[in-house]
Amino acid sequence: MSLKIGVIVHGPTIIDKGYAKKIINLLSNYGVVSARLGGTMGRTAVIDASLENVINIEDKLLPSQSIELLSEDNDILFLLNYGKSMITGHTFGYKVLNNVGMDVDLIQIERPDTSDGAIICWSDNVDKTLLNNISKDLNMPIVSSNEVTSIVENLTGYNKEEGLIKRKIAGVSPGENIMLNGTIIGRVTSDNLEIIAQDNQIIKMIGGKIKKHGLEKLGKVDLTKAIVKTGLLRKTNNIKPRLMKHISSDKLTVVYLDHAAEDIYQYRNADLVVSVGDDTTLLSSDILYRFNVPIIGITDGDLDKVVLEGFKHDDSIIIQVESGYDDIIGEMIFKKVFSNKISRNVDDLVEFKKEILDTVDNSGISYKFVDKQLLD
């Protein structure tokens, strides 16, 4: 009976560097492989690499959810990741496994092609012959889960004292964005970062500067279970976006997108998207560019730069208003142009753009058009 192997691919870097495809092909020599994406930012990388028929990206799943799903009908699981450092990579695997909340036979392949890359065996039940063969194939050392756990628990984790939850974040560098559950809540100012919450509200950072508007958008959160990332969401240089043909239906559809809480990919079939917020505009422009969908971005110049470079459709318009007024203008557009609905049908995109510009003009708030905001 052939071995059933489940593969969870996390993050864009392991895909951009070509290792996701290479390792999946390698594992196919040992059994029947089924692969899924875990997380959201790898989806664009999968599309750019034309791997959507190899790595399932249909569902928006957390890594732990993909592990739970693939564990149902596979004999062994592999987690492929390329963290920005050994510490962040090992911490990622440790946190994900804790979030799974059940025993799974999991092998993590972390940072192949680096001097600190390793294969982490997270289960004692793993076939040692298979493990050793994979280690030889990839020329990577095997690290025990006990060793990784000891390192990670010394550098991260959380504790509760006097009604506060304090969580240490490992592997940070000054200047990096701090993203919690997909919302940027601050910037790193030190080599060590600790986030502090009270009553499920972030109240303080040690080694970081809070972005107040980010915390307002975030709202209440369980800091013990929250997904925390720092730095860029996609770091690879010289990305070549894959361009796909966009087919419009008889009725043109325009969509309103506010601060990227939603899954941008669900709007890939829209004919135009209005995005509010600097980073929402950067991400939506970059992703929808691949599907030949232009955007109208409402920004105020408060860009946190979540990807290394952003791509922009030639028909896109970026409108930068006075600082702090992007939300206000966005709300006006939502009420007056969209009638408080997420989407609407239009007969002509040129006329629709005029509606947007008239709304901005009539607001009395000063603005300017920005051509290169997404690239500079």
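The values are calculated or read from the model by the stated rules, or taken from the named source; none is laboratory data. As the structure is a prediction and not an experimental result, all values here were calculated from the model. Every residue, glycine among them, receives a Cβ derived from its backbone with ideal geometry; neighbour counts consider all protein chains shown. Only protein heavy atoms, including side chains, enter the accessible area calculation; ligands, DNA and RNA are left aside. Shrake-Rupley method; radii C 1.70, N 1.55, O 1.52, S 1.80 Å.
So how long is each side of region 97-161 along the principal axes, counting just the alpha-carbon atoms, biggest first, in Å?
47, 28, 15
Kirkwood hydrodynamic radius for region 6-139: how many Å is it when counted over pairs of different Cα atoms?
14.6 Å
Say the dipole of region 1-89 comes from +1 at the beta carbon of Lys and Arg and -1 at that of Asp and Glu; which of Val7, Gly83, Ile23 then lies farthest toward its positive end?
Gly83
Report, to the nearest whole %, how much of the accessible area of the chain belongs to carbon and sulfur atoms, 1.4 Å probe, protein only.
Solvent-exposed carbon and sulfur of the chain make up 45 percent of the total.
Taking a 1.4 Å probe, which of Arg344, Arg167 shows the most accessible area, and what order do the others take after it?
Final ranking, largest accessible area leading: Arg344, Arg167.
Which net charge results for the neighbourhood of Ser323, defined as the other residues with beta-carbon distances under 10 angstrom from its beta-carbon, given Lys and Arg at +1 and Asp and Glu at -1?
-4
What net charge do the residues around Gly89 carry, taking every other residue with its C-beta under 15 Å from that of Gly89, with Lys and Arg at +1 and Asp and Glu at -1? Let's see the in-between values first.
Working: positive: Lys17, Lys84, Lys95, Arg111, Lys229, Lys235; negative: Glu110, Asp113, Asp116, Glu147.
Neighbour charge sum, excluding Gly89 itself: +2.
Out of Val254, Val46, Val337, any idea which swings most in a Gaussian network model of the chain, alpha carbons joined below 10 Å?
Most flexible of the set in this elastic network: Val337.
I'd like to check one number: the per residue accessible area of the chain, probe 1.4 Å, reported in Å² as a whole number.
Ligands and nucleic acids excluded, the result is 48 Å² per residue.
Run the reach check for Lys240 against aspartates and glutamates, Cα to Cα strictly under 19 Å, same-chain hits fewer than 8 apart removed. What comes back?
Asp16, Asp48, Glu52, Asp286, Glu309, Asp314, Asp376
Between the alpha-carbon centers of region 169-187 and region 47-126, tell me the distance in whole angstrom.
Using only Cα atoms, the two centres lie 22 Å from each other.
Around Glu176, which amide H atoms from residues at least 5 apart in sequence, or from another chain, sit under 5 Å from its own amide H, with H modelled in the peptide plane?
The answer is Val188.
Between beta-carbons, use under 12 Å as the cut-off and find the net charge around Ser34, counting Lys and Arg +1, Asp and Glu -1.
Local net charge: -1.
What is the pair-distance distribution P(r) of the chain, computed from all Cα-Cα distances in 10 Å bins starting at 0, with each bin given as a whole percent?
Bin by bin from 0 Å, the calculated values are 5, 22, 29, 24, 14, 5, 1, 0.
So which GluC sites (Glu not before Pro) in region 140-216 are both in a DSSP loop and have at most 15 other Cβ atoms within 10 Å of their Cβ? Don't skip to the end; give the middle numbers.
Working: sites: Glu147, Glu153, Glu161, Glu162, Glu176, Glu194, Glu216; in loops: Glu162, Glu176.
Qualifying residues, ordered by number: Glu162.
Could you give each residue of region 37-49 its phi-based ³J(HN,Hα) in whole Hz, using Karplus coefficients 6.51, -1.76, 1.60 with θ = phi - 60°, and x for Gly or Pro?
3J(HN,Hα) across region 37-49, in whole Hz: 7, x, x, 10, 6, x, 4, 5, 5, 4, 5, 4, 8.
Could you pull out the GluC sites (Glu not before Pro) across region 1-96 that fall in loop regions by DSSP (anything but H, G, I, E, B) with no more than 11 other Cβ atoms inside 10 Å?
Passing sites in region 1-96 are Glu58, Glu72.
Share of antiparallel DSSP beta bridges in the chain, in percent to the nearest 5? Show your work: numbers first, answer last.
Numbers: 37 of 73 bridges.
Counting only bridges with both partners in the chain, antiparallel ones make up about 50 percent.
First check a/c for region 101-224, with a ≥ b ≥ c the square roots of the eigenvalues of its C-alpha gyration tensor; if it is under 1.5, answer rounded, and if not, answer prolate when a/b is larger than b/c or oblate otherwise.
It is prolate, given that a/c is not under 1.5 and a/b is the larger ratio.
Beyond 19 Å between alpha-carbons counts as too far, so tell me which of Lys245/Lys312; Lys160/Lys212; Lys166/Lys220; Lys84/Lys136 fall in that bin.
On the way: Lys245/Lys312 16 Å; Lys160/Lys212 24 Å; Lys166/Lys220 15 Å; Lys84/Lys136 24 Å.
From Lys245/Lys312; Lys160/Lys212; Lys166/Lys220; Lys84/Lys136, over 19 Å: Lys160/Lys212; Lys84/Lys136.
Restricting to DSSP loop positions (anything but H, G, I, E, B) with no more than 16 other Cβ atoms inside 10 Å of their own Cβ, which trypsin sites (Lys or Arg not before Pro) remain in region 220-261?
When the trypsin sites (Lys or Arg not before Pro) of region 220-261 are filtered for loop state and at most 16 Cβ neighbours within 10 Å, Lys220, Lys225, Lys235, Arg242, Lys245, Lys251 remain.
Per residue of region 277-286, what does 6.51 cos²θ - 1.76 cosθ + 1.60 with θ = phi - 60° give for ³J(HN,Hα)? Whole Hz please, x for Gly and Pro, Karplus curve as stated.
After applying 6.51 cos²θ - 1.76 cosθ + 1.60, I find x, 5, 6, 4, 5, 4, 5, 5, 4, 5 Hz.
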